[in-house]
1. Between residue 17 and residue 267, what is the FRET efficiency for a Förster distance of 30 Å, r being their Cβ-Cβ separation, to the nearest 0.05?
2. Each residue of the stretch 334-349 in order: what ³J(HN,Hα) in whole Hz does its phi give by Karplus 6.51 cos²θ - 1.76 cosθ + 1.60, θ = phi - 60°, with x for Gly and Pro?
3. Any idea what % of Cα-Cα pairs in the stretch 125-271 are farther than 20 Å?
4. Using the Karplus equation 6.51 cos²θ - 1.76 cosθ + 1.60 (θ = phi - 60°), what ³J(HN,Hα) coupling, rounded to whole Hz, does each residue of the stretch 307-320 give in order, writing x for Gly and Pro?
5. Which residues make up the longest stretch of the chain that has no GluC sites (Glu not before Pro) in a DSSP loop with at most 13 other Cβ atoms within 10 Å?
6. Can you pull the percent of the stretch 238-299's accessible area that's carbon plus sulfur, 1.4 Å probe, other chains left in place?
7. What order do 38, 287, 77 take when sorted by accessible area (1.4 Å probe), most exposed first?
8. What percentage of the solvent-accessible surface of the stretch 69-216, computed with a 1.4 Å probe over protein heavy atoms, is contributed by carbon and sulfur atoms?
Amino acid sequence: MTGMRALVKTAAGPGLELTDVATPEAGDGQVLIRVLRTGICGTDLHIDGWDEWAARSVAPPRVLGHEFVGEVAALGTGVSGIEVEDLVSGEGHLVCGACRNCMAGRRHLCIRTVGLGVHTDGAFAEYVVLPEDNVWVHRHEVDLDIAAIFDPFGNAVHTALAFPVLNEDVLITGAGPIGIMAAAVAKHAGARNVVITDVSEYRLELARKIGATVALDVSTAKIEDVMPELSMTEGFDVGMEMSGRTEALGDMIAAMRPGGRIAVLGLPTGAGDVPVDLARIVQRMLTIRGIYGREMYETWYAMSVLLQGGLDIGPVITHRFGYEEHAEAFAAARSGQCGKIVLDWTQPTAGR
């Protein structure tokens, strides 16, 4: 193999280019994967738009993309447990293996984490190379589109299962695709009520389709207004902050019962400090836990088992494009009138 099509940040500045680049090869301990489908992430939108974070984090030229499913095309020397033609997804956080947390088996906390499609060439291409340890083999039948979004699905699972939710009342702020998937996971895991908030009616309707008890437009209603109709008297047991909006975190803290627990995945969109009611956190003895990425590989195992157990996150995928339609796909993602968007790398236009 000599060349392949890839979606590349070719130079510093806004925009991406679908162009030909050299096909990577699998080195020692590496796996070459033929990409079938990819998902578009908010990170990809940041890099496309070339905001301050992207300019600080990405060194062009860089192939984007970290959400994918593919078929193993070749194995480097020393790889075992993976076979050519295996269907695989990939963990996009590449860890050092030598820091304190890696040595203790807590690889998701690696201090030297490198991001696929950010710091190293990614999966928006016909082929991608990953270390063997970052390859997840799908041992059970899985829809290709669902397998393509295992990365953000993992964010949702990691957050939704950070605290026990069985029989609990759960509040999720932010009905983006990850928040919606977290709502589905929480309901599947036995939550009594799952209330999810946003200001986008499109995404709130997706949340209803996936099983949220209440999908609340907080531009027209307040969180506390729904508590009596759900037989809630003391507040929510578990919170999941997915929006990155400071006011959402404040509203969540105010809505928690004493001893409530909050998992925070959403990153603040602006710079500076995030104001919180520290007195309420102390006096109500709330727990706030930061969530980043997925636990390797406990979360991946949980994802597979959840799907085998009947969890359906299919409704979160709303748009599908071929790889030559990347501009339309990114425009749809930016519009907010969508769930997850999948790019098909086996055909230039969707046709489906």
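The values are calculated or read from the model by the stated rules, or taken from the named source; none is laboratory data. All values reported here derive from a predicted model rather than from experimental measurement. Heads up, the Cβs are rebuilt from the backbone with ideal geometry, glycines too, and the neighbour counts pull from every protein chain shown. Just the protein is used for accessible areas: all its heavy atoms, side chains included, with ligands, DNA and RNA removed. Shrake-Rupley method; radii C 1.70, N 1.55, O 1.52, S 1.80 Å.
1. Working: r = 27 Å, r/R0 = 0.91.
Once rounded, the FRET efficiency stands at 0.65.
2. 5, 5, x, 8, 6, x, 7, 10, 10, 9, 9, 8, 9, 8, x, 10
3. Working: 5164 of 10731 pairs.
Summing the P(r) tail past 20 Å for the stretch 125-271 gives 48 percent.
4. After applying 6.51 cos²θ - 1.76 cosθ + 1.60, I find 5, 4, x, x, 5, 10, 9, x, x, 6, 8, 10, 9, 9 Hz.
5. Details: sites that count: 25, 83, 85, 141, 234.
In short, 235-352.
6. Working: 1760 of 3260 Å².
Carbon and sulfur: 54 percent of the exposed surface of the stretch 238-299.
7. Values: 38 0, 287 60, 77 95 Å².
Solvent-accessible surface, decreasing: 77, 287, 38.
8. On the way: 2770 of 5640 Å².
Whole-percent figure for carbon plus sulfur exposure: 49.
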